[in-house]
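Before any comments, here is the structure.
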Amino acid sequence: MPQIVRYLTHPQVLMEPLKDVRAWSLNEVGSSRVASLAARLGSLSRTRRVVSSDETKALETATPLALALGVELEVRPRMHENDRSATGFLPPQEFEAVADQFFAEPAMSVRGWETADDAQRRIVAEIEACLVGPQDGDILFVGHGGVGTLLFCALSGIGIDRRFDQGPVGGGCWFAFDFRVRRPQRRWQPMEAL
């Protein structure tokens, strides 16, 4: 059986404007979606590794899944979301406009953010580092929508484009690729489809 690698984004978060975005937690809806997936596992049942970003919302997604699977959680700090610390919290409408520009001009730093090109190189390098050597089962990466989209574009052999983002569903989406082929099998799907 080919080994499947899945990249899952954290679901809905509790927005706390006065708190560092990297420390935001899942909200009630997001936590419920994770608990539901952990209770049934579905196609994740062959997963032997769970690797997560070190941001709180990613850890709150990955930890229950690793526990349900009976595997140790691996934490990779360089799997973090694109670095937006230069602006901190932005109101949703302003954030979306800046995110559009981030994807549209990947070589430029938008308002001090990490460039999309740099973020893409970082996330691809982290994923590749984790996939070195033989694996004994499926692998689940748990991270973020922005860098997840950059990873999707890189693996698909297409330029950076927000059209390949997970869409306005509040996160909690995934895509998969074969360990050997390293090409997404289809576009983002909700975690409920796992």
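Out of (1) closer than 30 Å to Ser36 by Cβ; (2) without any contact (Cβ under 8 Å) to a residue 24 or more places away in the chain; (3) not in a helix (DSSP H, G or I), the odd one out for Arg163 is which?
Every listed condition holds for Arg163 apart from (3).
For segment 86-108, name all the residues that are exposed (fewer than 12 other Cβ atoms within 10 Å of the Cβ), in contact with a helix residue (DSSP H, G or I) (Cβ under 8 Å, 6 or more places away or on another chain) and either among the polar types (S, T, N, Q) or touching a residue at least 40 places away in the same chain (Cβ under 8 Å) (or both).
Passing the criteria: only Gly88.
When only residues in segment 141-166 that are among the aliphatic types (A, V, I, L, M) and in contact with a helix residue (DSSP H, G or I) (Cβ under 6 Å, 6 or more places away or on another chain) count, which is farthest from Leu65 (Cα to Cα)? If you could, list the steps in order and put the result at the bottom.
Taking segment 141-166 first, the residues among the aliphatic types (A, V, I, L, M) are 142, 147, 150-151, 154-155, 158, 160.
Retained after the next criterion (residues that are in contact with a helix residue (DSSP H, G or I) (Cβ under 6 Å, 6 or more places away or on another chain)): 142, 147, 150-151, 154, 160.
Numbers: Val142: 10, Val147: 21, Leu150: 24, Leu151: 22, Ala154: 26, Ile160: 30 Å.
Filtering first and then ranking leaves Ile160.
Looking only at residues in segment 149-160 that are small (Gly, Ala, Ser) and in a helix (DSSP H, G or I), which one is surrounded by the most Cβ atoms within 10 Å (Cβ to Cβ)? Talk me through it step by step, then tell me what you get.
Filtering segment 149-160 down to residues small (Gly, Ala, Ser) leaves 154, 156-157, 159.
Then drop every residue that is not in a helix (DSSP H, G or I), which leaves 154, 156.
Values: Ala154: 17, Ser156: 15.
In this case the residue turns out to be Ala154.
Pick from Arg111, Arg122: which is outside any helix (DSSP H, G or I) and touching a helix residue (DSSP H, G or I) at 6+ places or on another chain (Cβ under 8 Å)? If you could, list the steps in order and put the result at the bottom.
Details: Arg122 fails: outside any helix (DSSP H, G or I).
The unique qualifying residue is Arg111.
Which condition does Ala125 not pass, out of (1) of a type outside the set (D, E, K, R); (2) touching a residue at least 40 places away in the same chain (Cβ under 8 Å); (3) out of contact with any Asp or Glu (no Cβ under 7 Å at 6 or more places or on another chain); (4) surrounded by 13 or more Cβ atoms within 10 Å (Cβ to Cβ), if it passes all the others?
(4)
Does Val29 satisfy being among the hydrophobic types (A, V, I, L, M, F, W, C) and in contact with an Asp or Glu (Cβ under 8 Å, 6 or more places away or on another chain)?
Numbers: among the hydrophobic types (A, V, I, L, M, F, W, C): yes; in contact with an Asp or Glu (Cβ under 8 Å, 6 or more places away or on another chain): no.
Here the answer is no, as Val29 does not meet what is asked.
When the residues of segment 25-74 are filtered to those that are outside any helix (DSSP H, G or I), among the acidic types (Asp, Glu) and in contact (Cβ under 8 Å) with a residue 40 or more places away in the chain, which remaining residue is farthest from Ile139 (Cα to Cα)? Break it down into steps so the answer makes sense when it comes.
Residues of segment 25-74 that are outside any helix (DSSP H, G or I), as a first pass: 25-27, 41, 47-55, 70-74.
From the residues that got through so far, the ones that are among the acidic types (Asp, Glu) too are 54-55, 72, 74.
Right, trim to in contact (Cβ under 8 Å) with a residue 40 or more places away in the chain and you get 55, 74.
Working: Glu55: 19, Glu74: 11 Å.
Here the residue is Glu55.
May I ask you to list the residues in segment 166-185 that are touching a Cys at 6+ places or on another chain (Cβ under 9 Å) and surrounded by fewer than 20 Cβ atoms within 10 Å (Cβ to Cβ)? Quick ask: steps written out before the conclusion?
If we filter segment 166-185 for residues that are touching a Cys at 6+ places or on another chain (Cβ under 9 Å), which is where we start, we get 166-167.
If the condition is that a residue be touching a Cys at 6+ places or on another chain (Cβ under 9 Å) and surrounded by fewer than 20 Cβ atoms within 10 Å (Cβ to Cβ), then Gly167 is the only one that fits.
Read-outs: derived from the displayed coordinates by stated rules, not from any lab. Predicted model only: the values in this text are computed from it and were never measured. Virtual Cβ from ideal backbone geometry, glycine too; neighbours counted across all protein chains shown.
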